[in-house]
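Here the structure is laid out as structure tokens; the discussion comes afterwards.
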Amino acid sequence: MFKYALCASPGAALHEPVLFRESFEKLFPRAKELGYDGVEIHLRDAADVDAEHLACLSEESGVMVAAIATGLAKRVDGLCLINPDEKERRRAIERLHGHIKLAEKFGCPVIIGSMRGNLPAGEAGRDSYKLLEASIKELALFMKDRNCSIAFEAINRYENNYLNTAAEAEKFLKQVGSEKVGMMLDTFHMNIEETDMCAALWEHRNSLIHVHLADNTRLFPGSGTIDFKALLRTLRQCGYDGWLSMEYLPGPDEETAAGEGIEYMRRLEKTADIVKM
Ligand code: LER
Ligand code: MN
């Protein structure tokens, strides 16, 4: 059986692809009722969260914290890891120190996606790559003796103008060269960027540490055209034992979206047998 997580962020805007916006006190029991094994928490700043309280809620409910996502620090506060203004880049790194310390408590990955920012046009782009590499290497070092890792997400071209495909992300991760940094893939982005989603998962299976699920419309799995049965079969074949985290828009409403998504995946799992590759 795969492990499923529900993305949540108290107070998040409706256009954010998360499924729960209420308090953590309501989140954990609700995730449990819906049949989720974990929650993935999206935070602009870990300072907004009482880590001890979160740990208690997780323990009481038996629902794990699957990952800490960081994109809101970019989308709300404009922080990014390639900012040429060194003071601002340091602010981004320091903000991520908070996310990392929180993730350490739960032994889960910290997702870095949107926080890579967008490359400026022309010559400065090359410098940005260097800044991103330096930033990620520095964060990996900060994580050295901590029980957590960075999940670096390949994001589609309409949201980020570089590192869009799994192959591009893998090449970048090789440059970083740290065992603390792994690959994260999201079916919504892959559906735009990969010619063959399952082939990409298989090819990058050795670095894959986290997966986001959404259908092609960025609504719940089963509402669109992505072949999730083939995806489950491939992940099984890969020996993937990380989280499958539901990250999509709350349509038609949060409750339906969260329930339909997991029901569909659990049903598919029963028939997604391994086939020879
Ligand atoms: C973050 O995981 C992601 O997938 C981005 O598209 C942010 O919305
Ligand atoms: Mn994602």
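For a test of the definition: using alpha carbon positions, the gyration tensor, and the 1.5 limit on a/c, classify segment 1-56 as rounded, prolate or oblate.
Because a/c hits 1.5 or more and a/b fails to exceed b/c, segment 1-56 counts as oblate.
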Search the structure for amide H atoms under 5 Å from the amide H of Thr217, placed 1.01 Å from N in the peptide plane, and list their residues when 5 or more places away or on another chain.
Thr225
Once a ≥ b ≥ c are taken as the square roots of the eigenvalues of the Cα gyration tensor of the chain, is the result rounded (a/c under 1.5), prolate (a/b larger than b/c) or oblate (a/b not larger than b/c)?
oblate
At each listed q (0.15 Å⁻¹), what is the log10 of I(q)/I(0) that the Debye formula gives for segment 124-277 modelled as equal alpha-carbon point scatterers?
-0.83
Gap in Å between the Cα centre of segment 99-172 and the Cα centre of segment 1-57?
22 Å
Net charge contributed by nearby residues that have their C-beta within less than 14 Å of Met197 (K/R +1, D/E -1):
-4
Once the other residues with Cβ under 12 Å from the Cβ of Asp50 are scored (Lys, Arg +1; Asp, Glu -1), what is the net sum?
-2
Scoring only Lys, Arg, Asp and Glu (+1, +1, -1, -1) among other residues with Cβ under 9 Å from the Cβ of Glu247 yields -1
Lys171: which lysines have alpha carbons under 19 Å from its alpha carbon, excluding same-chain residues fewer than 8 sequence positions away?
Lys130, Lys137, Lys180
Give the residue list of GluC sites (Glu not before Pro) in segment 1-34 that are DSSP loop and have at most 13 other beta-carbon atoms within 10 angstrom.
Glu22
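Could you tell me which trypsin sites (Lys or Arg not before Pro) in segment 186-277 are loop residues by DSSP with no more than 11 other beta carbons within 10 angstrom of their beta carbon?
Lys270, Lys276
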The answer for the chain, counting only DSSP H helices whose Cα atoms cover 18 angstrom or more along the axis and whose Kyte-Doolittle average is -0.5 or greater, is 124-142
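Laboratory data are not the source of any read-out in this text; all were calculated from the coordinates shown. This is a predicted model, so every value here is computed, not measured. Backbone-built Cβ (ideal geometry, glycine too); neighbour counts: all protein chains shown.
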